[in-house]
Amino acid sequence: MKVKYIDNITFKKMLLGAAANLENNKNIVDSLNVFPVPDGDTGTNMNLTLQAAIREINNLSESTVEAIAEAAANGSLMGARGNSGVILSQLLRGMAKRIKGVIHIDCKLIAESFQSAADTAYKAVMRPVEGTILTVARETAEKAMATYEEYDDVTAFLESLLNQAKETLSRTPEMLPVLKQADVVDAGGKGLIYLLEGALAVLKGFEIKPEKQEQEIIDTAEELKEYGSEDEIIFTYCTEFLIKKPTKTAEEFLSKIYDKGDSIVCVGNENVIKTHIHTNNPGQILAIAVKYGELTNIKIDNMKEQFRERQKQAKNNVKKKYGFVSIGMGEGIQKVFTDLNVDVFISGGQTMNPSTEDILEAANEINAEHIIVLPNNSNIILAANQAKKISNKDLHVVPSKTIPQGIAALIAFREDSSIEENIEAMTAAVKEVKTGQVTYAVRDTSFNGLEIKKDEIIAIYDGDIISHGKNPEDEVIKLIKEMVDEDSFLITLFYGNDVDKETAESMVDRIEEIAEDCDVEIIYGGQPLYYYIVSVE
């Protein structure tokens, strides 16, 4: 049976089906890393972006085609996370622009909305790269515009466009050498395929439901918004931890702690149990937990203390000239930025990109004439710039791509300078810092002639893997040899939560042997994923 057009009810179901299909397959998209490092978050970012769109759709008071498309565009704009999420939000925005005022969608409107989506997404990216989700969107739109007159059945038409999208995706490794080296297709493009497949399946009469997902553990700062006064906080300590290689199930562990606090989240599998609880006796909880396996990633926050600090900040209504938002991961990293007068530190970075809305909310907490955002990650810059465009505050983005670059930018800041002078000086400072990372490979791969095995330690400099081995400290030395030149004067080592203090501090002598003209600083960063972040100035 031919389907000549898509009405509002079908359109909404198709968007819900597309979102469910992406959610069910986001881990596959995440696994398509272009490097063998643990930064596979494209599927997660696209999913979180689309879930924000779905929430907006579900809150509609009217469900016309136009209203649904506009809600999807607005929701995804605010919820956009990472480059892939921002691009997805622009695809939805472009689609919404074309179907404004329509009652139903036929083949011609599908083609024109695809074209509008691709055009809008390309304009949003300063330097579009072919071989990415942009290419898949563009070539699919071109196919749509060239062939829509041949079809009077939207189902058959969308099938042809899905086939085109898949064919383009299969060619992305030929367009982008880094994909070919890692033997993967583009992750964002694969995410777009799942969206199209989900929408088409619904159009054909299939129902796609999101599979059961883990409960999300909310950040403590976010939880504090629920309380109107300190007296409402019955359980003082927000306690989080992981149990590695548990001897019992999450359900069995939960049965031992369910009556010892509130706001409990306890989920996991045979490899790890993730736990969050508000309690007045975190030691008791940890004493129980340690009987079930090895504990790691322990975090205990005094919520009453944090609430008092928040109240104190809220009372400070004196508008200052400058305010700062910075993004990063690790308690040590946070302390460094706080000591450099950052007002709001957003916990995020690799694998956990904050959304446009997160950045806007952080900026709105600051009572300042000018607010400067430091993304400290290349995958967050687009979301930060999107926040700048829609903020009603004077928001500026310094394009820092790493933690050391963000720190250098803050050091270059001068209170008595104009905003224009500061942005210029901070942006220049970013370019003067070299950054390297030591992490581990998440799978076997071949890259730049290097044969790398899963779990091997790898050193990354300027986006390239330069060496690999068995020992993080040895890779640091290889990295520094590559980074230091005759103009270098300072080497800073930020060690992560998987490195002990004694091991990190023992690196000073080794570094001074190969860079005797440089000062060496060792700082606890507490960052996950990366054993070391290396800064050379």
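Bridge orientation summary for the range 322-376: considering DSSP beta bridges with both residues in this region, about 10 percent are antiparallel.
Considering only DSSP beta bridges with both partners in the chain, what is the antiparallel share in %, to the nearest 5? Given both bridge residues lie in the chain, the antiparallel proportion sits at roughly 70 percent.
Given the rule -39500 (n - 2.57) for each run of at least 4 DSSP H residues, summed and divided by the residues of the chain, what is its mean residue ellipticity at 222 nm, to the nearest 500 deg cm²/dmol?
On the way: 21 runs with 259 residues, N = 537.
It comes out at -15000 deg cm²/dmol, rounded to the nearest 500.
I want to verify the translational diffusion coefficient of the range 17-131 in µm²/s; compute it with Stokes-Einstein, Rh as the Kirkwood radius over Cα pairs, at 4 °C and 1.567 mPa s.
Numbers: Rh = 14.7 Å.
Approximately 88 µm²/s, per Stokes-Einstein.
Beta-bridge orientation, the range 434-536: approximately 80 percent antiparallel, per DSSP, counting only bridges with both partners inside.
Eigen-decomposition of the gyration tensor built on the alpha-carbon atoms of the range 8-203 gives equivalent ellipsoid semi-axes of 25, 19, 14 angstrom, largest listed first. Computed from the alpha carbon atoms alone, the convex hull of the range 67-167 holds 94 Å³ per residue. Among the GluC sites (Glu not before Pro) in the range 48-85, those placed in a DSSP loop whose Cβ has at most 12 other Cβ atoms within 10 Å are E62.
Within the range 319-398, none of the chymotrypsin sites (Phe, Trp or Tyr not before Pro) combine a DSSP coil assignment with at most 16 other C-beta atoms in a 10 angstrom radius. Cross-link reach is defined here as a Cα-Cα straight distance under 18 Å, omitting same-chain residues fewer than 8 places apart; for K26 the lysines meeting it are K166, K190, K209, K212. Here the range 384-537 is described by how far its Cα atoms reach on the three principal axes: 49, 36, 29 Å, from widest to narrowest.
Using Cα pairs under 8 angstrom and six or more residues apart, how large is the relative contact order of the range 434-536, in percent? The normalised contact order for the range 434-536 reaches 32 percent. Shape class of the range 299-433 from the alpha-carbon gyration tensor: rounded, with the ratio a/c of largest to smallest axis under 1.5.
Looking at the range 226-276, the GluC sites (Glu not before Pro) that sit in a DSSP loop and have at most 12 other Cβ atoms within 10 Å of their own Cβ are E270.
Rule-of-thumb check for the chain: C-alpha Rg over 2.2 N^0.38 Å? Walk me through the intermediate numbers first.
Numbers: Rg = 24.7 Å, N = 537, 2.2 N^0.38 = 24.0 Å.
Here the answer is 1.03, to two decimals.
Once the Cβ-Cβ distance between A67 and N367 is put in as r, and R0 is 56 Å, what FRET efficiency do you end up with, to the nearest 0.05?
Details: r = 36 Å, r/R0 = 0.63.
My answer for the efficiency is 0.95.
Note on the range 220-306: Lys pairs 8 or more places apart or on different chains, Cα atoms under 12 Å apart, count 8.
Every number in this text was worked out from the coordinates using simple rules, so none of it is lab data. Please read these numbers as outputs of a predicted model, since none were measured by experiment. Counting neighbours? That spans all protein chains shown, and the Cβs are built from the backbone with ideal geometry, glycine included.
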